[in-house]
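Written below as structure tokens is the structure these notes are about.
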Amino acid sequence: MAGLFITLEGLEGSGKTTQQKYIVDDLKEKGFDVLLTREPGATRLGREIRQLLLDPDWSEMTPRAEILLFAADRAQHVEEIVKPALNAGKIVISDRYFDSNLAYQGYGRGLDIDLVRKINLWAVDYLKPDLTIFLDLPVEVGLARARAQTVDKLGDRLEREEFNFYQQIRAGYLELAKESERFRVIDANRSIEKVKTDILQEIKEMI
Ligand code: T5A
């Protein structure tokens with residue numbers, strides 16, 4: 001495909017949303033055509049799925065159902081938004097992609113990683129990112145940041161999970177990063193400015 005596909009990964013509160021605008025501004029300034037998108041919920045179907053996934057009322061949702069709902073959102077997202085933009089030569093920045101499924105549902109819920117990977121690769125028609133920026137920080141810092149900005153301090157369905165769930169996710173991301181050359185691990189427990197500088201440097205090198 002003609003474009004470049006960059007994904008942002010990390011725990012709640014790691015700063016993905018905060019950093020997006022700097023990335024987009026920087027790339028646009030350099031003359032690139034950029035598309036910013038996210039998971040779950042970038043498409044019409046995805047917005048419905050997002051409601052189901054984050055609503056605390058769905059406490060009975062099983063891990064397998066959860067994987068498949070995220071994968072369904074992703075399948076629609078790739079076909080409707082990501083692939084057309086890449087084919088048009090754009091740089092696509094996605095806030096989360098299938099590594100979230102591997103980290104949260106695979107490592108976090110303790111499900112078979114290879115199976116979660118297979119489901120996801122099939123769902124996205126084998127489209128892998130060119131570069132994945134993992135914003136790493138201690139779980140307690142991320143959750144404190146995320147909870148400080150939600151009206152309901154208990155948070156959404158996933159934010160109500162135990163501390164240990166997030167520790168497994170963080171360890172899972174670090175494991176994924178070790179296995180794959182497309183990952184860059186950035187210390188997100190620093191000032192917004194410092195994190196921004198490192199992210200922009202990684203993207204510059206990639207381009
Ligand atoms: N999920 C998702 C799965 O389980 N499987 C999947 O396959 C997928 C795709 C999505 C949820 O779904 C899960 C993961 C999530 O639980 P979401 O609402 O999209 O939920 O939530 P998040 O992506 O987690 O978004 P957050 O807003 O919680 O995290 P961000 O975007 O990483 O953090 P951000 O930028 O909003 O920052 C949070 C706060 O911290 C401050 C910001 O100002 C903000 O107040 N901040 C900093 N403060 C100090 N220093 C810094 N360096 C800071 N950077 C940001």
**Q.** Ellipsoid equivalent to the chain - semi-axes via the Cα gyration tensor, in Å
**A.** 25, 21, 16
Q: Restrict the search to the range 115-207; then list the trypsin sites (Lys or Arg not before Pro) that DSSP places in a loop and that have at most 15 other Cβ atoms within 10 Å of their Cβ.
A: LYS153, ARG190
Q: Pick out, in residue order, every one of the GluC sites (Glu not before Pro) in the range 141-207 that is DSSP loop and has at most 12 other C-beta atoms within 10 Å; say none if there are none.
A: GLU162, GLU181
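Pairs LYS16/LYS196; LYS21/LYS196; LYS118/LYS204; LYS16/LYS118; LYS128/LYS178: which are spaced more than 22 Å apart, C-alpha to C-alpha?
Details: LYS16/LYS196 10 Å; LYS21/LYS196 10 Å; LYS118/LYS204 31 Å; LYS16/LYS118 26 Å; LYS128/LYS178 16 Å.
Check vs 22 Å cut-off fails for LYS118/LYS204; LYS16/LYS118.
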Q. Mind checking the dipole of the chain: about its Cα centre, +1 per Lys or Arg Cβ, -1 per Asp or Glu Cβ, Debye to the nearest 20?
A. 320 debye
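Per residue and in Å³, how big is the convex hull formed by the alpha-carbon atoms of the range 60-142? Display every interim value, and only then the final one.
Values: hull volume 9.1 nm³, N = 83.
So the per-residue Cα hull volume is 110 Å³.
I'd like the GluC sites (Glu not before Pro) in the range 1-73 restricted to DSSP loop residues with at most 12 other Cβ atoms within 10 Å, sorted by number.
Those satisfying the criteria are GLU60.
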Q | Extreme residue, positive dipole direction of the chain, given options ILE133, LEU54, THR150 (C-beta unit charges) | A | ILE133
Q. Which one of VAL195, PHE32, GLY10 has its Cα pushed farthest toward the positive end of the charge dipole of the chain, where Lys and Arg give +1 and Asp and Glu give -1 at the Cβ?
A. PHE32
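Throughout, read-outs are computed from the coordinates displayed, never taken from laboratory work. Here the structure is a predicted model, which means the values were calculated and not measured. Note that each Cβ is placed from the backbone with ideal geometry, even for glycine, and that neighbours are counted across all protein chains shown.
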